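This report concerns only the one structure given below.
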Amino acid sequence: MNYIGTKGNNEFGGTTSPETNFDGSIFYDLSPTLGSSKNTFRVGIGYQYWRNKFGNPGTITGTTAKTPMVRADYHF
C-alpha cells in the first residue's frame, strides 16, 4: 500500500492530486507437487486499486484502476 502526496503543479494549472495505490496478492506454492524446491513456482490471485493514477485528479476519466489479476511466479 502506498500513499503519495501532491508532487507540484500539473499541466492544467493546479497541483497534482494525492495518490493511493494498493497491490496485493495471495499465492499458493505448487513447487512440491511439481518436484521442485520450495517457492520455485507459485500461482495466485491479486487485486490492484489505484486512485488518482499518476497524480491526475479523479475528475479525469481513467484515473482510477480497479484490477483483479491471476498471477504466476517462477523463480530460477
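Based on Cα contacts under 8 Å between residues 6+ apart, the chain shows a relative contact order of 27 percent.
Per-residue Karplus couplings for region 17-26, computed as 6.51 cos²θ - 1.76 cosθ + 1.60 with θ equal to phi - 60°, are listed in order as 8, x, 10, 10, 9, 10, 9, x, 9, 10 Hz, Gly and Pro entered as x. Distance distribution note for the chain: the fraction of Cα pairs above 19 angstrom is 52%. Between Y3 and Y47, the simple spin-label model (points 7 angstrom out along Cα→Cβ) gives 2.0 nm.
Just so you know, all these numbers are worked out from the coordinates, no wet-lab data involved. Computed from a prediction, not measured in an experiment: that's the story for all the values here. Note: ideal-geometry Cβ built from the backbone for every residue, glycine included; neighbour counts use all protein chains shown.
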